[in-house]
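The values are calculated or read from the model by the stated rules, or taken from the named source; none is laboratory data. This one's a predicted model, so the numbers in the text were calculated from it and none came from an experiment. No Cβ is skipped: glycine too gets one built from the backbone with ideal geometry, and neighbour counts run over all protein chains shown.
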Amino acid sequence: MKYPLDRICIKSGVYCPSCQRKIESGVVSEVDLRVLRELVVLEDKLKFLKKGEYVKSIDSGSEVVVLVKGGFEQVELVQLERELSSTLGRKVRVVEYVSDSRKLIEQLIVPASLLGVNKVWLPTGEEVISIRIPRRDRRIIGKNKEQYEALIEQITGVKARIIFE
């Protein structure tokens with residue numbers, strides 16, 4: 001797997017000047033470091049990890065969302081979720097990072113279904129993503145609506161708003 005830091009630095013916990021700069025500048029967070037350590041260990045056990053690339057980890061309060069690239073199959077992502085959840089001691093969701101915001105949002109809100117994603121430009125010049133979800137899925141998203149909006153905003157860099165229709 002490709003990592004933002006050197007594999008040797010991740011394993012040893014002693015960082016070279018290049019890796020140290022990435023940590024100090026905030027490119028790699030503390031959550032990233034914990035997940036990276038576990039991924040390096042799991043790479044020997046889960047051979048399919050060698051084909052992928054690590055993007056980012058985000059702590060959303062109730063769970064850790066890990067973004068990866070590399071054409072993983074759904075079965076592989078579920079297996080990686082289980083392994084990371086057991087080693088980190090928290091609920092982990094592994095999501096395949098894609099440039100299409102609709103597909104990315106669809107993966108994030110599973111098991112809820114997605115009606116549509118619209119980009120709205122406000123008179124202030126600000127851009128907002130309006131995410132439409134069926135009213136019947138309110139019980140799935142309901143209490144965590146603000147967490148989902150914050151998570152989508154962190155990943156896409158655009159303010160998100162969830163609407164139940």
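All conditions but one from (1) among the polar types (S, T, N, Q); (2) touching a helix residue (DSSP H, G or I) at 6+ places or on another chain (Cβ under 7 Å); (3) assigned to a strand (DSSP E or B) apply to residue 87; the one that does not is (3).
Does residue 38 fit the bill of being within 25 Å of residue 146 (Cα to Cα), of a type in the set (Asp, Glu) and either at pLDDT 90 or above or not assigned by TED's automatic domain parsing to the domain that holds residue 146 (or both)?
Working: within 25 Å of residue 146 (Cα to Cα): no; of a type in the set (Asp, Glu): yes; either at pLDDT 90 or above or not assigned by TED's automatic domain parsing to the domain that holds residue 146 (or both): yes.
For residue 38, the condition - within 25 Å of residue 146 (Cα to Cα), of a type in the set (Asp, Glu) and either at pLDDT 90 or above or not assigned by TED's automatic domain parsing to the domain that holds residue 146 (or both) - is not met.
Assessment of the range 111-123 against the conditions (outside the structural domain of residue 45 (by TED's automatic domain parsing) and touching a Gly at 6+ places or on another chain (Cβ under 9 Å)) yields no matching residue.
Looking across the range 127-165, not a single residue is closer than 21 Å to residue 94 by Cα, among the charged types (D, E, K, R) and assigned to a strand (DSSP E or B). Assess whether residue 107 counts as being touching a residue at least 60 places away in the same chain (Cβ under 8 Å), of a type in the set (S, T, N, Q), outside the structural domain of residue 27 (by TED's automatic domain parsing) and assigned to a helix (DSSP H, G or I). Spelling it out, it is not the case that residue 107 is touching a residue at least 60 places away in the same chain (Cβ under 8 Å), of a type in the set (S, T, N, Q), outside the structural domain of residue 27 (by TED's automatic domain parsing) and assigned to a helix (DSSP H, G or I).
Residues in the range 74-104 that are farther than 11 Å from residue 52 by Cβ and out of contact with any Asp or Glu (no Cβ under 7 Å at 6 or more places or on another chain): 18 in all.
Quick check on the range 63-78: of everything there that is outside any loop (DSSP other than H, G, I, E, B) and out of contact with any Leu (no Cβ under 7 Å at 6 or more places or on another chain), which residue is surrounded by the most Cβ atoms within 10 Å (Cβ to Cβ)?
Here is the first cut: in the range 63-78, the ones outside any loop (DSSP other than H, G, I, E, B) are 64-69, 74-78.
Right, trim to out of contact with any Leu (no Cβ under 7 Å at 6 or more places or on another chain) and you get 67-69, 74-78.
Working: 67: 20, 68: 23, 69: 15, 74: 9, 75: 9, 76: 20, 77: 19, 78: 12.
So the residue we want is 68.
Going through (1) crowded, with 19+ Cβ neighbours inside 10 Å; (2) modelled with pLDDT under 90 one by one, residue 102 falls short only on (1).
Answer yes or no: is there a residue in the range 133-151 that is under 30 Å from residue 37 (Cα atoms) and crowded, with 18+ Cβ neighbours inside 10 Å. Among the residues of the range 133-151, at least one is under 30 Å from residue 37 (Cα atoms) and crowded, with 18+ Cβ neighbours inside 10 Å, which makes the answer yes.
What residue, of 53, 83, is buried (at least 18 other Cβ atoms within 10 Å of the Cβ) and either within 12 Å of residue 1 (Cα to Cα) or among the acidic types (Asp, Glu) (or both)?
Numbers: 53 fails: buried (at least 18 other Cβ atoms within 10 Å of the Cβ).
Every option except 83 fails the conditions.
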